[in-house]
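Data first, discussion second: the structure below is written as structure tokens.
What follows is calculated from the coordinates using simple rules that are stated; it is not laboratory data. Everything quoted here is computed from the prediction, not taken from an experiment. Cβ sites come from the backbone with ideal geometry, for glycine too, and all protein chains shown count toward neighbours.
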Amino acid sequence: LMFYSIGDSVISAEAALAVFTQTTAPQKAAIAITDPGDPSHHVLAGDILSAGKTQEIATEIVDFIRRPVP
């Protein structure tokens with residue numbers, strides 16, 4: 001499971017997605033987070049920089065874990 005922001009100024013989202021596509025896990029998901037709150041778009045969740053996205057990301061994590069493996 002990978003969360004990313006296309007506007008991340010710390011890492012290349014394109015490079016991260018390229019590595020993600022090489023992952024051979026039986027179950028995987030890449031989820032784009034828009035407007036995380038952090039000015040650098042790097043911290044996607046958490047009370048200090050991206051509190052507005054914490055619940056959304058937590059829900060996505062739980063949903064991913066509960067999803068049956070194909």
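Here are the numbers:
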item	result
Answer from Ser5, Ser12, Ser40, Ser50 - the residue that is surrounded by 11 or more Cβ atoms within 10 Å (Cβ to Cβ) and within 10 Å of the chain's Cα centre (by Cα)	Ser5
Selection within the range 17-37 - surrounded by 14 or more Cβ atoms within 10 Å (Cβ to Cβ) and either among the charged types (D, E, K, R) or without any contact (Cβ under 8 Å) to a residue 24 or more places away in the chain (or both)	Leu17, Phe20, Gly37
Residue within the range 48-70 that is part of a loop (DSSP other than H, G, I, E, B), in contact with a helix residue (DSSP H, G or I) (Cβ under 9 Å, 6 or more places away or on another chain) and on the phi < 0 side of the Ramachandran plot present	no
Residues being touching a strand residue (DSSP E or B) at 6+ places or on another chain (Cβ under 9 Å), within 21 Å of Thr59 (Cα to Cα) and part of a loop (DSSP other than H, G, I, E, B) - total across the range 1-38	9
